[in-house]
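The values are calculated or read from the model by the stated rules, or taken from the named source; none is laboratory data. Being a predicted model, the structure only gives us computed values, none of them experimental. A quick note on method: Cβ atoms are made from the backbone with ideal geometry, for glycine too, and the neighbour counts reach across all protein chains shown.
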């Protein structure tokens, strides 16, 4: 089994900002992909905003089991066509990890159906992340709490749908808490949001954060064949009904007609 | 307490199809609104696709506590601007009841973030609806099961997010089942999907269906003030932190800067 | 509408400990009941461990819409018969609010089916409670966060089932977080766990805490008739099947026989 | 990886009833275990009511990753001590599959905290099971629906807690529906209830049912180390607080004292 994973990076701060470049000289996506590739079951490559089709062609996504998304400054530059393509692949079974400022990424907002807003403060304060679901696969090997000494604060209310499960909750030195690890299923696709990862701090070099990412990819992976039927709304003709029935009453549609969409 | 309710009708089949007109001479929306108005706490009016802004102006929605939506043939004619407006009001606390073929209505798909597809068959077959959550407010006074002698079949997989709770499940004579009563919360807004209501059958004249609709409106009603903060993503400056903290490390944003959206 | 509410108090610390008696001279249950009674819809009385049947006779519970439970030192003294009686009434539709150290109360553990354990520290530290579900009825009128200057710390992992919804999460000065407001439905009964309320601090005199309690009682209230059917496992004879079927194959049970329990 | 699985069988009907013995000459547990063992990752053995400690000694359970439970006639003969032992191991991470009439098994009721009751009819009627969560691991390779030509009917209301996810729903020829595949997590343990399996029909010889069981075992398997901490409620002394705090206010407990349980 190999989990074909694409780490998508906006790839702007790393080039424009010396601090970020200093921490992630090859880009945040490269650091994340390298961390994932330490797991033998994961085969991670990268894609960036600047590539044709943002590096997410139909062919590429067809061969992607899990997509990891980090974006911040240029959410608006992501093409709506690619957003629909990503959402569609998630419904078909592709896993999706959304990181940090990706809470406002178009594909995430598209899949959540909510604003996905939150409070924030960039002060390099201490974040302590607590495991509140120690039996969840994403928590495997993660201690009951761990510290990121410098992180951006995110505060509630985080306007996402009630998750399937809450895995992590953050404590911030400035007094806030935040639901930092949340899961959802949409169609046949598993989605995991993980909070940490502000670009001016070395978060993705942290060993525990890297373990959470590997766990997240493995959890999000759906080994089933592409679930293309998710796009269909088939008519089941009376003569093919599973139990014999007789058509009764008036009808609107002609035989063989497609439904309205 | 008065629950200001707007019943939105596509209002096409009733005018174009003699069968539908015979069942709902004043429109399906009128029948539904009348059924709601038998409850003293509910004050229901109607709006239709053909009105300016589909009858859903900012001012109208601002005064709406619960919106009930029935559409089928003309989902594509609903303006995207109105769709965003409706979704926005739901996040702020407006309740939303989505009926039958409204599973493909743009506001519902927008709020679910999934295809919302299903199987279907128009054969006037028997539907038996089972209450699987008898303590839920929407099930108040509803028997353990009730029959609609002629209905369109909807079959699984219904590609919506796992609901907060499942209230009703349908049995169909042709062999299918369907999760017919599902709830979600999105932002501060409560959403209830209720399956029955094909336009060529007298479903909305059924007393039990009408009771479910009244229960649904009362459940979806959120009496709190409009939750406008759902649209904000405020910066919390260091000097206003709840606990005293000192800014540390490099930062990306300038003081007073807005975040990226 | 009147919500007949019983506030159950263990009533030991108030009598044995001068500090607690100083804060709650009439007992914690009396303070809580008085806070509830400021809401016209609620009619709260009290019951204590020391009364016959702990004040929770069949007759009393039959007339109780919502039960509020505070216990700590004497969980083991609560009779198993009363525990079963309380659980049974919850399944039938009685609401249940479990407060603070009640996480280890027998009726709560019985209804959760899990250990309900947590970490703790009694240091009078600051607790800041965040609303993470601002549209939930229990959060009505509650600010986005509020402070209890002196409270006992409770820390995760709180071993309860994943809740229906998470309403509040606490931040503690000592570095912990805790899911402080959680909801479940069991049978026809609504259950709300609310964390604050250590006996050596004046928590139940806090205006915001009192508002949460009133909201909790109103949310937990199920106005439907007592759902006694929850105890039944009825046989549905072939000749009473909703759809005509013919008995086929061998069978284990004789006609009219009860099932195994 | 090997998933050490124990199939527990009540083992009474197979010995007392000729019909059941004819279908399952070596016992239902043996047939189920054999079906599981066709999967190379699973190593299934059996245990029965009649063995010492019902075959579920502490040592045996310590070496069990997933327990499968079938019981019916003799639920009351299962020792309460063993019930607590099983529940405890589930909280620590052992998976649990509960089959058919096991809905009334003591360990299941213990873990659910609800009556787990349902309607029933033994008429050998047709059951059609629908997959309503096609992306769930338990649905891997399972068609959108499959038929068991002769089964006992189970009808709603099935008084269990709202599940984490609903995977299967059954249609019965006699007019009922039933939530037939439900999942929960309790502590670190995954629980799956699967409805079919009346002893007088050859259900566990059905290839699709066997696939569901194998999927269920693989889904329920938690590879993490035994989560013994689930039983603890540790005091965290002030001097060991993660953030420096000073003890304030009165306290109830002495230093080093255990909390009340």
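Report, by residue number, each residue of the range A:27-47 that is touching a residue at least 60 places away in the same chain (Cβ under 8 Å), over 16 Å from residue A:95 (Cβ atoms) and surrounded by fewer than 24 Cβ atoms within 10 Å (Cβ to Cβ).
A:31, A:35, A:38 - these are the residues of the range A:27-47 that are touching a residue at least 60 places away in the same chain (Cβ under 8 Å), over 16 Å from residue A:95 (Cβ atoms) and surrounded by fewer than 24 Cβ atoms within 10 Å (Cβ to Cβ).
Looking at the range B:224-251, I want the residues that are more than 8 Å from every other protein chain (Cβ to nearest Cβ) and have a partner that is part of a helix (DSSP H, G or I) and modelled with pLDDT of 95 or more with Cβ atoms under 9 Å, at least 6 apart or on another chain. Which pairs are those?
Partner pairs satisfying both residue conditions: B:226/B:62; B:226/B:89.
Table: residues versus (1) closer than 17 Å to residue A:184 by Cβ; (2) assigned to a helix (DSSP H, G or I).
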site: A:60; (1), (2): no, yes
site: A:64; (1), (2): no, no
site: A:85; (1), (2): no, yes
site: A:90; (1), (2): yes, yes
site: A:98; (1), (2): yes, no
site: A:109; (1), (2): yes, yes
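Filter the range C:147-189 for residues that are free of Cβ contacts under 8 Å to residues at least 40 places away in the same chain and more than 15 Å from residue A:166 (Cα to Cα) and give the result.
Listed by number, the residues that qualify are C:147, C:149, C:153, C:155, C:175, C:185.
Kindly indicate whether any position in the range A:201-221 is in contact with a helix residue (DSSP H, G or I) (Cβ under 9 Å, 6 or more places away or on another chain), farther than 30 Å from residue A:19 by Cβ and facing another protein chain (nearest Cβ under 7 Å).
There is no residue in the range A:201-221 that is in contact with a helix residue (DSSP H, G or I) (Cβ under 9 Å, 6 or more places away or on another chain), farther than 30 Å from residue A:19 by Cβ and facing another protein chain (nearest Cβ under 7 Å).
Within the range A:64-101, how many residues are away from every other protein chain (no Cβ under 11 Å), within 11 Å of the chain's Cα centre (by Cα) and under 16 Å from residue A:213 (Cβ atoms)?
Qualifying residue count for the region: 10.
One line per residue, one yes/no per condition, for (1) at pLDDT 95 or above; (2) touching a strand residue (DSSP E or B) at 6+ places or on another chain (Cβ under 8 Å):
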| residue | (1), (2) |
| --- | --- |
| B:159 | yes, no |
| B:180 | yes, yes |
| B:185 | yes, yes |
| B:195 | yes, yes |
| B:198 | yes, yes |
| B:217 | yes, yes |
| B:223 | yes, no |
| B:255 | no, no |
| B:260 | no, no |
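Working carefully through the options C:129, C:138, find the one that is crowded, with 21+ Cβ neighbours inside 10 Å, outside any strand (DSSP E or B) and either within 14 Å of chain B (Cβ to nearest Cβ) or without any contact (Cβ under 8 Å) to a residue 12 or more places away in the chain (or both).
Numbers: C:129 fails: outside any strand (DSSP E or B).
After applying the criteria, what remains is C:138.
Any residue in the range D:107-124 that is within 11 Å of chain A (Cβ to nearest Cβ), closer than 19 Å to residue D:220 by Cβ, touching a helix residue (DSSP H, G or I) at 6+ places or on another chain (Cβ under 9 Å) and at pLDDT 95 or above?
Restricting attention to the range D:107-124, the residues satisfying the condition of being within 11 Å of chain A (Cβ to nearest Cβ) are none.
The answer is no; no qualifying residue exists.
Conditions first: (1) surrounded by fewer than 24 Cβ atoms within 10 Å (Cβ to Cβ); (2) closer than 26 Å to residue D:164 by Cα; (3) out of contact with any helix residue (DSSP H, G or I) (no Cβ under 7 Å at 6 or more places or on another chain). Residue B:104 passes all but one, so which condition is the exception?
Every listed condition holds for residue B:104 apart from (3).
Taking the stated definitions as given, is residue B:107 farther than 18 Å from residue B:200 by Cα and more than 12 Å from the chain's Cα centre (by Cα)? Break it down stepwise before answering.
Numbers: farther than 18 Å from residue B:200 by Cα: yes; more than 12 Å from the chain's Cα centre (by Cα): no.
Answer is no for this residue.
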